[in-house]
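One structure is given here, and the rest of the page talks about it.
The values are calculated or read from the model by the stated rules, or taken from the named source; none is laboratory data. A quick note: this is a predicted structure, and the numbers were derived from the prediction, not measured. Cβ atoms come from the backbone with ideal geometry, glycine included; neighbour counts cover every protein chain shown.
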Amino acid sequence: MRISGRTILVTGGAGLIGSHLADALVALGCRVKVLDSLESYTHPAGISEWIPKEVEFLSGNILDREALEIALRDVDLVFHQAAFTGFHPEAAPYLEMNAIGTARIFDVVAEKRFPVQKIVLASSLSVYGEGKYKCEYPAMRSLERLKRHEWEPICTVCAQSLQWQPTDEESSKAPFTPYAVSKYAAEMLALSMGKRLGIPTVALRYAVTYGPRQSVFNPYSTVITTFATLLVNGRSPVLYEDGRQRRDWTFVEDIVQANLLVMKDERSDYRSFNVGTGEATTVREVAELLANAIGCSVEPIARGEFRSGDIRNLVLDISGLRSLGFEPRVSLEAGIRRFVGWFRTLGKVEQHYSILEEHMRRTGELLS
Ligand SMILES: [Zn+2]
């Protein structure tokens, strides 16, 4: 599918990934429309200052049929990035925005017979739950074991610590938070509705994404913003468990690269792909890289606190996307340096800090 010169809708286009995608599309000579509801937990100042001036910005919610009709009119291609990712004690808001909102995009395209030619949507690594290990897929870790600080999942057959493996797309799906369930539902809905309507659709299961423009007000975006806020205020990042949980942190430009690649390549049609670096990094290593980049000698603290429902290790196998020619370009070290360079330009870090402290006080959660 050709991208340059086309009319393209980016939902959630004021967010971290959406806004970088909008930039890339403008650079490719596209006419770009952005639909974003500018939720206050990620955009407290309202309209985002990084929406390129060439973009047609539409303020609205994907649950709103009329807003969608205006946004989808005359559009060739859709990058669906809008999602509810904040913290909410109830489950329904995640299902509403992420699952029903995704279904509504397809409903409006079908009802209005809009000639949309391809849809790429954002899914998440969370669909896998704990992911793949040798021997077997682990159950959620028990509260009793976590209280004894036994962090690694245990094999029910040989009673040893299970060894993690990269999680490929065929791995068992075990979404266990409302957010994860809503993203998996969105993905399944989109792929099946796309097939029914004959609109090639691709789902991208993103690893932990970070980069400039990350919301520093959303404590659930990634530990990177929280740790950076603490470090520049001379405070130690506090790590859950022993800080040796493994994840795959991926710089936003590599996520954008993957979006453009699958949009172009018809071998991706009606499939789901992992997007990440394929590299395992512990939370502790991330805290240390950040402290280095900030130039701060504060050591992270790990006192064995934990959250039930957290996963231990999840690193994505990206060979599926590699077979289409994808290769991550930004190392974690370089990405964190670029993130810190941007973070320093924000100023007002004391304000972010007080918002995070308030969150910590209210929820009793650590900031990671
Ligand atoms: Zn075993």
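Looking at E288, E279, can you tell me which residue is out of contact with any strand residue (DSSP E or B) (no Cβ under 6 Å at 6 or more places or on another chain) and in a loop (DSSP other than H, G, I, E, B)? Explain how you work it out, then say what you get.
Details: E288 fails: in a loop (DSSP other than H, G, I, E, B).
Being out of contact with any strand residue (DSSP E or B) (no Cβ under 6 Å at 6 or more places or on another chain) and in a loop (DSSP other than H, G, I, E, B) holds for just one of E288, E279, which is E279.
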Could you list, in sequence order, all residues of the stretch 319-336 that are part of a loop (DSSP other than H, G, I, E, B) and over 19 Å from the mean Cα position of the chain (by Cα)?
S323, L324, G325
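Quick one: which of A24, A83 is part of a loop (DSSP other than H, G, I, E, B) and within 22 Å of the chain's Cα centre (by Cα)?
Details: A24 fails: part of a loop (DSSP other than H, G, I, E, B).
None of the others qualify; the one that does is A83.
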Considering only the stretch 61-91, state which residues are modelled with pLDDT under 95 and not polar (S, T, N, Q).
A83, F84, G86, F87, H88, P89, E90, A91
I'd like the full set of residues that are out of contact with any Asp or Glu (no Cβ under 9 Å at 6 or more places or on another chain), away from the ligand (no atom under 16 Å from the Cβ) and more than 28 Å from E90 (Cα to Cα), limited to the stretch 144-154.
R148
Could you tell me whether the stretch 155-173 includes any residue that is buried (at least 16 other Cβ atoms within 10 Å of the Cβ), among the hydrophobic types (A, V, I, L, M, F, W, C), away from the ligand (no atom under 16 Å from the Cβ) and not in a helix (DSSP H, G or I)?
no
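I'd like the full set of residues that are hydroxyl-bearing (S, T, Y) and out of contact with any helix residue (DSSP H, G or I) (no Cβ under 8 Å at 6 or more places or on another chain), limited to the stretch 262-310. I'd like the intermediate steps shown before the answer.
Narrowing the stretch 262-310 to residues hydroxyl-bearing (S, T, Y): 268, 270, 272, 277, 281-282, 297, 308.
Listed by number, the list holds a single entry, T282.
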Pairs only if they're at least six apart or on different chains, beta carbon under 6 angstrom, first in the stretch 119-135 and closer than 18 Å to I318 by Cβ, second among the β-branched types (V, I, T) and more than 16 Å from the ligand (Cβ to nearest atom); list them, first residue then second.
V120/V202; V120/V262; Y128/T167; G131/T167; K132/T167
Just checking, how many residues over the stretch 223-236 are buried (at least 21 other Cβ atoms within 10 Å of the Cβ) and not in a helix (DSSP H, G or I)?
0
Restrict the check to the stretch 132-141 and report whether at least one residue is closer than 30 Å to A82 by Cα, away from the ligand (no atom under 16 Å from the Cβ) and surrounded by fewer than 17 Cβ atoms within 10 Å (Cβ to Cβ).
yes
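Inside the stretch 182-220, can you point out the residues that are of a type outside the set (F, W, Y), over 15 Å from A122 (Cα atoms) and either modelled with pLDDT under 95 or buried (at least 21 other Cβ atoms within 10 Å of the Cβ) (or both)?
Hits for the stretch 182-220 are I199, G211, P212, R213, Q214, S215, V216, N218, P219.
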Just to be sure before I move on: is V127 aliphatic (A, V, I, L, M), more than 16 Å from the ligand (Cβ to nearest atom) and in contact with a Pro (Cβ under 7 Å, 6 or more places away or on another chain) in the structure I sent?
yes
Assuming L239 fulfils every condition listed in (1) more than 21 Å from the chain's Cα centre (by Cα); (2) under 25 Å from R213 (Cα atoms); (3) modelled with pLDDT under 95; (4) aliphatic (A, V, I, L, M) apart from one, which condition is it?
(1)
What are the pairs with Cβ atoms under 6 angstrom where one residue, in the stretch 279-290, is among the small types (G, A, S) and the other, located anywhere, is buried (at least 17 other Cβ atoms within 10 Å of the Cβ)? Sequence gap at least six, or different chains.
A280/R246; A280/V315; A287/F227; A287/P237; A287/P300
